[in-house]
Amino acid sequence: MENKNALKLIDKILTDLEHSGINKDILIDDLKSLRSHALEEQIPLVVKVLRLTCEHIVENDTFLIPIPDDEPIEGNETSLSTDENVNPTESLMYLVSLFKDLKNKMNLMDLSDYRNALLA
């Protein structure tokens, strides 16, 4: 994202996650604010991922989607880790950090993997 306020908000979310983990009430408000910035910048993938992430956290009281693997498994649509021990805070921090550099093709691929996992 290129909006300075959006980048500050991303940093705030990452700091909050690092210090206090997933605090659902504050986190949802921040993600919704970040989504409004993505709407302004007209970035449909980010808008969708943020909406699905908010819904997922509200529904599950945590973030249960693993960090995508570095290399996709052949024949598998998504390249999400199969590790049973998902660290919700770490995975969510990784997801939020992807929004900082949307010109990076790997970040967009990982965002697509998160979107697919959230839709599944």
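As a quick test, which of the pairs LYS12/LYS32; LYS24/LYS105; LYS24/LYS48; LYS24/LYS103; LYS32/LYS105 have an alpha carbon distance above 22 angstrom in this structure?
With Cα atoms farther than 22 Å apart: LYS24/LYS105; LYS24/LYS103; LYS32/LYS105.
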Model label zone, ASN87; criterion: amide N under 17 Å from point 7 Å along Cα-to-beta-carbon; scope the stretch 27-66: 63-66
In debye, nearest 20, what is the charge dipole magnitude of the chain about its Cα centre with +1 on Lys and Arg Cβ and -1 on Asp and Glu Cβ, if you could check? 620 debye
In nanometres, the difference between 0.36 nm per residue of separation and the alpha-carbon distance of LYS103 and LEU45 is 19.6 nm
Of (1) 19.1, 65; (2) 13.9, 48; (3) 13.5, 40, which one was derived for Rg and Dmax of the Cα atoms in Å from the structure shown? (3)
Can you put TYR94, TYR114 in order of Cβ neighbours within 10 angstrom, beginning with the fewest? TYR94, TYR114
Residue by residue through the stretch 8-23, which ³J(HN,Hα) values in whole Hz follow from phi under the Karplus form 6.51 cos²θ - 1.76 cosθ + 1.60 (θ = phi - 60°), with glycine and proline marked x? 5, 5, 4, 4, 5, 4, 5, 5, 4, 5, 5, 8, 10, x, 8, 9
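Every number here is computed from the coordinates shown, using simple stated rules; none is lab data. Because the structure is a prediction, the values reported are computed rather than measured. Using ideal geometry, Cβ is built from the backbone for each residue, glycine included, and neighbour counts are taken over all protein chains shown.
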